[in-house]
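What follows is calculated from the coordinates using simple rules that are stated; it is not laboratory data. Bear in mind the structure is a predicted one, so any value in this text is a computation, not a measurement.
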Amino acid sequence: MISNRYRYIFVHVPKAGGTTVKRALGDDPTIEENDWHHDLAHFKKMHRDRFDTFFKFAVARNPFDRLVSAYCYNVRLMQENDAIHWRHYGDLYRWLAASVEPGDLPGSFRRFVASAWFDKSVDDGFPIHFKPLTRFIAIEGRVELDYLARIETLEHDLRNIAKRIEYEFTGVSWLNKTPRADYQQFYDYRTCTIVRRAYAADFELLNL
């Protein structure tokens, strides 16, 4: 997302509070590129003049928590027969439809992480919700942001960002949250090990 009025570029990482950020900073008719999860490299390639001068930021989330949110979100869309997502992710959704056990979402999640579908989803970044954070915000291994907020301290971070871009920030109203149990209930030792390996660069970046 680009704001010409407030001169910022926001990299919307899926399942990391992006919809909430857009609502909090959304009173702006000059916004462009607000309809997709573009990575930082896209903005550098397509908007180099503004990339070099605009304030660039994104929001990060604990990879364990973000992955559970991404999984539960896609399970919900699968179960609701969301036409757009079924068209894009039909093969995965058919596998989910056969593997999700009603009443045991944590167990179903652990089976997903142990499957080839998890490796494929992370490696391909498809569905995009499983794409690692670092592949959104790093260009040739370097994070070229001015500010990396954390979802755990989002209101505090957005106040700092608002001061930098001279935006009148009035607070956070959480949107698009996926109802579920605490993410820690989804993990056992094996699942933690697999996820740490798959998102190793994210854990290193966030010092987790």
In Hz, Karplus ³J(HN,Hα) per residue of region 30-35 (6.51, -1.76, 1.60; θ = phi - 60°; x = Gly, Pro):
8, 5, 10, 6, 9, 10
Taking 0.36 nm per residue of sequence separation and subtracting the Cα-Cα distance, how much length would be gained by fully extending the chain between ARG197 and TYR147, in nm to one decimal?
15.4 nm
May I ask which of LYS22/LYS120; LYS56/LYS120; LYS45/LYS120; LYS22/LYS131; LYS15/LYS44 have a Cα-Cα span longer than 25 Å here?
LYS22/LYS120; LYS56/LYS120; LYS45/LYS120
Suppose we keep just the alpha-carbon trace of the chain; what are its Rg and Dmax in angstrom?
17.4, 51
